[in-house]
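The values are calculated or read from the model by the stated rules, or taken from the named source; none is laboratory data. Every value quoted in this text rests on a predicted model; they were computed, and no experiment measured them. Positions of Cβ are backbone-derived with ideal geometry, glycine not excepted, and every protein chain shown enters the neighbour counts.
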Amino acid sequence: MNNLTAARATMAFSLGFHIIFAAIGMTMPFLMSAAHWLYLKKKDPVYLELTKMWMKGVAILFAVGAVSGTVLSFELGLLWPGFMRHAGAIIGMPFSWEGTAFFLEAIAIGLFLYGWKRMKPWVHWTTGLLVGVTGFISGIFVVAANGWMNAPAGFDWVDGVASNIDPVKAMFNQAWFHQSLHMQLAALQAVGLAVAGIHAWLYLRGRAPDLNMKALRIAMVFGAAASIAQPFAGHFAGERVAALQPAKLAAIEGHFATSRRAPLTIGGLPDAETRTMKGGIAIPGLLSLLAHRDLNAEVIGLDQFPREDWPPLVITHVAFQVMVGIGSLLALLGVLYVWFRRRGALPRWLLWAVVACAPLGMVALEAGWVVTEVGRQPWIIYGIMRTKDAVTPVPGMVYHFYLFLGLYLTLAAATVWLLRRQILAVQQKFGG
Amino acid sequence: MIDILVSFIAASLLLYVLLGGSDFGAGIIELLPAGRLREAQKVVINRAMGPVWEANHMWLILLVVILFMGFPTIFTTLMIALHIPMLALLVGIVVRGSAFVFRHYDAVQEPRSQGIYTALFSLSSLWSACWLGIIAASLNRGIIDPASRDVWAAWFAPWWGVYPLAVGAFVACIYAFLASIYLVGETEEPELKRRFVRLAAWGNGLVVLAGGLVFAASLGERESLPAAFLRDPLKLAIVGLATLLFVVLWVFVAKRRTLLTRIVASGQVALILIGWYVLYAPNALITAQGPLSFYDEAAPPATLRQLVLALLIGSVFIFPSLFYLFRVFKRSDGPKE
Ligand code: HDD
Ligand code: HEM
Ligand code: HEM
């Protein structure tokens with residue numbers, strides 16, 4: 001592994017790790033607040049039990065999210081000083097607002113976790129909701145920072161130096177909206193479905209049926225709604241990518257030659273040597289339609305870019321297929337759930353389907369980030385700065401990588417183990 | 001603009017050392033033998049730290065964000081030259097935060113796993129405190145050399161040596177001292193209270209001792225601390241005042257005035273930081289090529305304006321909520337006697 005590869009692997013791994021906990025940290029508080037609200041309204045102790053169970057999960061996962069996020073904020077400098085030297089002043093703004101939101105989130109979570117007996121019930125409930133709200137807002141800010149890397153704005157780049165910096169313009173860059181929208185839905189969707197899946201499984205196994213059915217219903221409100229909305233948000237993101245980053249779109253679709261009536265290829269693998277797609281089903285004109293709302297529109301292909309500016313094709317294409325495949329499947333699941341829920345009864349096969357889909361949202365979320373990040377290569381700031389020019393001069397980055405690989409894998413194993421113990425303890429208490 | 005930002009940096013650093021520091025110190029205290037008070041001590045620490053440690057940790061994040069947005073050159077220079085100690089600090093922070101929460105929220109409280117969490121929590125608290133001190137000491141030695149690509153000179157020499165190690169030990173002692181003073185007011189159990197007072201007394205002694213060590217070790221540095229302090233009556237007065245305050249502190253401890261002891265101990269630590277500040281301000285760090293000052297290395301004005309705006313608006317929300325947090329859990333003067 002050379003230094004650049006090691007630094008990239010470290011960044012990818014740290015972010016891929018953090019994003020799971022970040023998504024949970026943004027979404028679980030909402031589930032928890034919903035259960036808590038139902039308890040305060042209906043006084044049904046099952047909802048209280050559910051709130052406390054989820055709360056303990058939030059406490060553990062939030063802490064892992066917070067420490068892994070701290071690592072990230074250092075790693076921006078430890079791994080990419082060449083990037084931060086220029087970008088810090090330009091995109092620091094979303095990070096500073098994100099920091100503010102985190103601060104409030106950390107305060108709110110302290111109040112909520114430990115404040116059961118010290119605050120009036122509804123004040124206490126509000127602090128729980130605030131954890132979710134502030135987490136959600138901070139998520140939007142970070143993604144806006146990432147959007148800037150895809151659609152740089154708010155500065156002039158002359159001879160390798162940024163001048164005329166406008167942090168506000170940089171924050172509200174052309175990619176911030178579609179990326180945040182899509183990401184926040186993804187968090188709701190991935191976490192909602194994962195939680196629903198766990199409770200569906202416990203329900204089907206006959207454990208604490210009342211508790212688990214109530215939990216499943218709350219989680220599916222978020223999971224199903226976000227699943228149904230996601231393909232629209234994703235399509236919107238695709239249109240924006242077509243406009244902002246044609247090379248990324250071409251890599252996503254394995255679209256080599258610029259053409260009108262461009263086909264959309266489902267499956268298949270792009271081959272950079274022969275410049276063709278191998279396998280897959282090509283639907284003529286569909287890519288033109290999706291990207292530019294016109295069957296005959298011209299879609300820019302990879303031939304418009306020098307070979308060394310192509311993103312890694314196979315990774316980008318496959319990740320995209322995985323994400324969209326899962327997105328379509330989950331949208332179907334969402335529709336089915338809403339349909340049966342309105343009819344009043346949830347058939348067992350549907351619950352099994354929820355169990356089967358539990359991990360898929362997270363898989364799609366990770367795949368989506370791979371599309372965004374790998375598809376932007378070789379640029380760290382699209383069209384402005386190459387990743388290789390941003391990397392740290394510190395030698396031996398492989399050791400840094402192995403260190404964090406070991407640390408995070410251990411941490412992940414410990415977290416899973418603890419959550420399992422948590423769930424088992426509650427289920428035992430509630431019998432079944 | 002830059003003045004405001006430097007004040008925010010100073011304030012965040014101070015609050016991180018005071019508040020975050022006592023959380024680290026609590027971990028260090030758990031390393032010391034406690035006999036049969038061990039369990040009771042753990043309960044008190046869990047209860048005292050649980051609601052506030054995430055918020056206390058945020059001061060560090062704030063520091064990092066202000067640095068990389070407002071002073072990107074300083075931030076990147078630091079992150080390149082001090083890559084290794086930063087990494088060590090991060091590992092400590094990750095292990096420590098996780099172990100603390102795991103210990104508290106593990107659904108099955110059994111001695112073996114609890115023992116592992118406690119060991120990890122307290123060892124990593126000590127570890128992180130020392131590395132923080134090492135990083136602080138490395139800033140102003142004039143060894144950091146952004147131009148060098150020699151492995152030793154560029155990435156080891158800046159933080160290697162007796163002096164950084166002494167500062168690391170000093171920081172660990174300060175943290176343990178702060179935590180003891182703070183914990184005295186967190187329990188009503190007489191035996192435990194006595195233990196924390198005793199620990200504070202030991203911590204007090206160790207702070208003075210380690211402080212002396214830092215001064216002695218600095219004799220081998222480019223500019224020794226005794227020389228720097230003796231040259232300037234103001235600096236000397238600050239050190240003198242910090243030491244004298246120990247007398248006041250123990251009067252309050254003897255009278256069991258919890259809040260006042262906390263204020264005096266915090267004041268002492270603040271004075272130490274102020275001493276450090278007057279020694280080096282307005283330079284953020286001193287490299288082999290000369291000092292990097294906050295005033296020369298700041299981001300363009302448009303960025304600074306936005307940063308100050310964010311900090312001011314943020315403060316409007318953060319300080320009242322923080323106040324509320326501490327009020328809900330601390331009820332001013334600790335438990336009533
Ligand atoms: C549960 C997760 C999930 C699901 C089901 C989907 N996505 Fe997605 N996608 C993400 C999670 C995600 C993400 C992780 O949140 C990304 C990465 C960066 C971002 O803003 O969102 C993303 C990025 C992303 C991008 C790149 C945006 C950019 O680089 O600016 C496109 C074009 C799409 N998605 C399109 C889709 C389509 C057409 C879907 C159809 C169903 C879809 N996504 C489902
Ligand atoms: C949180 C979810 C994210 C994931 C899973 C993720 C994933 C990745 C991956 C897979 C790479 C490696 C690309 C390659 O080697 O080709 C990468 C690189 C990188 N990402 Fe992301 N990313 C995420 C979000 C972000 C955000 C929010 C930022 C910054 C604001 C960011 C900054 C970077 C940087 C600086 C690199 C290194 C340069 C590069 O390879 O582009 N990422 N990330
Ligand atoms: C380079 C990218 C990133 C950096 C530097 C970063 C930084 C941080 C930091 C410092 C924390 C700790 C805050 C605390 O102590 O409470 C944190 C936690 C968090 N991050 Fe990230 N983050 C990044 C990527 C992301 C992304 C892409 C998202 C979401 C879309 C996200 C959402 C969150 C949330 C919601 C938390 C709160 C903790 C939790 O809920 O678990 N972060 N992050």
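Data for the structure
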| read-out | value |
| --- | --- |
| Pairs where the first residue, in the range B:47-71, is of a type outside the set (Gly, Ala, Ser) and the second is not in a helix (DSSP H, G or I), C-beta under 7 Å, 6+ apart | B:Met69/B:Ala299; B:Phe71/B:Ala284; B:Phe71/B:Phe294; B:Phe71/B:Glu297; B:Phe71/B:Ala298; B:Phe71/B:Ala299 |
| Residue match in the range A:109-122 (condition: among the aromatic types (Phe, Trp, Tyr), free of Cβ contacts under 8 Å to residues at least 24 places away in the same chain and more than 9 Å from chain B (Cβ to nearest Cβ)) | yes |
| Residues of the range B:134-177 classified as part of a helix (DSSP H, G or I), within 14 Å of chain A (Cβ to nearest Cβ) and in contact with a Ser or Thr (Cβ under 6 Å, 6 or more places away or on another chain), total | 3 |
| Lone qualifier among A:Phe83, A:Phe95, A:Phe62, A:Phe74 - being without any contact (Cβ under 8 Å) to a residue 40 or more places away in the chain and among the hydrophobic types (A, V, I, L, M, F, W, C) | A:Phe74 |
| Number of the exception - A:Thr410 against (1) touching a helix residue (DSSP H, G or I) at 6+ places or on another chain (Cβ under 9 Å); (2) free of Cβ contacts under 8 Å to residues at least 40 places away in the same chain; (3) surrounded by fewer than 15 Cβ atoms within 10 Å (Cβ to Cβ); (4) within 14 Å of chain B (Cβ to nearest Cβ) | (1) |
| Qualifying residue in the range A:355-372 (condition: out of contact with any strand residue (DSSP E or B) (no Cβ under 7 Å at 6 or more places or on another chain), farther than 27 Å from A:Val143 by Cα, away from ligand 3 (no atom under 16 Å from the Cβ) and away from every other protein chain (no Cβ under 14 Å)) | yes |
| So A:Gly375, is it buried (at least 21 other Cβ atoms within 10 Å of the Cβ), away from chain B (no Cβ under 14 Å) and in contact with a Pro (Cβ under 6 Å, 6 or more places away or on another chain) | yes |
| Hey, A:Arg341 within 16 Å of ligand 3 (Cβ to nearest atom) and either among the charged types (D, E, K, R) or modelled with pLDDT of 95 or more (or both) or not | no |
| In the range B:297-311, residue nearest to B:Ile74 (Cα to Cα) [restricted to those that are at the interface with chain A (Cβ under 7 Å from one of its Cβ atoms) and small (Gly, Ala, Ser)] | B:Ala299 |
| Where a residue in the range B:224-252 is closer than 18 Å to B:Gln268 by Cα and its partner, wherever it lies, is surrounded by fewer than 13 Cβ atoms within 10 Å (Cβ to Cβ), with Cβ under 7 Å and at least six apart | B:Leu236/B:Leu230 |
| The lone exception for B:Leu285 - which of (1) at pLDDT 85 or above; (2) touching a Leu at 6+ places or on another chain (Cβ under 9 Å); (3) in a helix (DSSP H, G or I) it fails | (3) |
| Scan of the range A:129-180 for residues that are surrounded by 19 or more Cβ atoms within 10 Å (Cβ to Cβ), among the small types (Gly, Ala, Ser), within 14 Å of another protein chain (Cβ to nearest Cβ) and within 24 Å of the chain's Cα centre (by Cα), ordered by number | A:Gly135, A:Ser138, A:Ala144, A:Ala145, A:Ala170 |
| Which numbered condition A:Arg217 fails, given (1) away from ligand 3 (no atom under 16 Å from the Cβ); (2) closer than 25 Å to A:Arg376 by Cβ | (2) |
| Which listed residue is under 30 Å from B:Asp145 (Cα atoms), more than 7 Å from every other protein chain (Cβ to nearest Cβ), more than 16 Å from ligand 1 (Cβ to nearest atom) and free of Cβ contacts under 8 Å to residues at least 60 places away in the same chain, from B:Ala99, B:Ala81, B:Ala119, B:Ala88 | B:Ala88 |
| Some residue of the range A:312-322 being over 30 Å from A:Ala225 (Cβ atoms), away from ligand 1 (no atom under 16 Å from the Cβ) and part of a loop (DSSP other than H, G, I, E, B) | no |
| Subset tally (residues that are hydrophobic (A, V, I, L, M, F, W, C) and either touching a strand residue (DSSP E or B) at 6+ places or on another chain (Cβ under 9 Å) or part of a loop (DSSP other than H, G, I, E, B) (or both)) for the range B:289-305 | 4 |
| Residues within the range A:69-81 that are in a helix (DSSP H, G or I), more than 8 Å from every other protein chain (Cβ to nearest Cβ) and farther than 20 Å from B:His57 by Cα, tallied | 1 |
| Candidates A:Leu72, A:Leu4, A:Leu78 - the one that is buried (at least 24 other Cβ atoms within 10 Å of the Cβ), within 30 Å of A:Gly160 (Cα to Cα) and of a type outside the set (Gly, Ala, Ser) | A:Leu78 |
| Cβ-Cβ under 6 Å pairs, at least 6 apart or on other chains, the range A:360-374 side in contact (Cβ under 8 Å) with a residue 40 or more places away in the chain and more than 23 Å from A:Trp176 (Cβ to Cβ), far side within 14 Å of ligand 3 (Cβ to nearest atom) and part of a helix (DSSP H, G or I) | A:Met362/A:Ala190 |
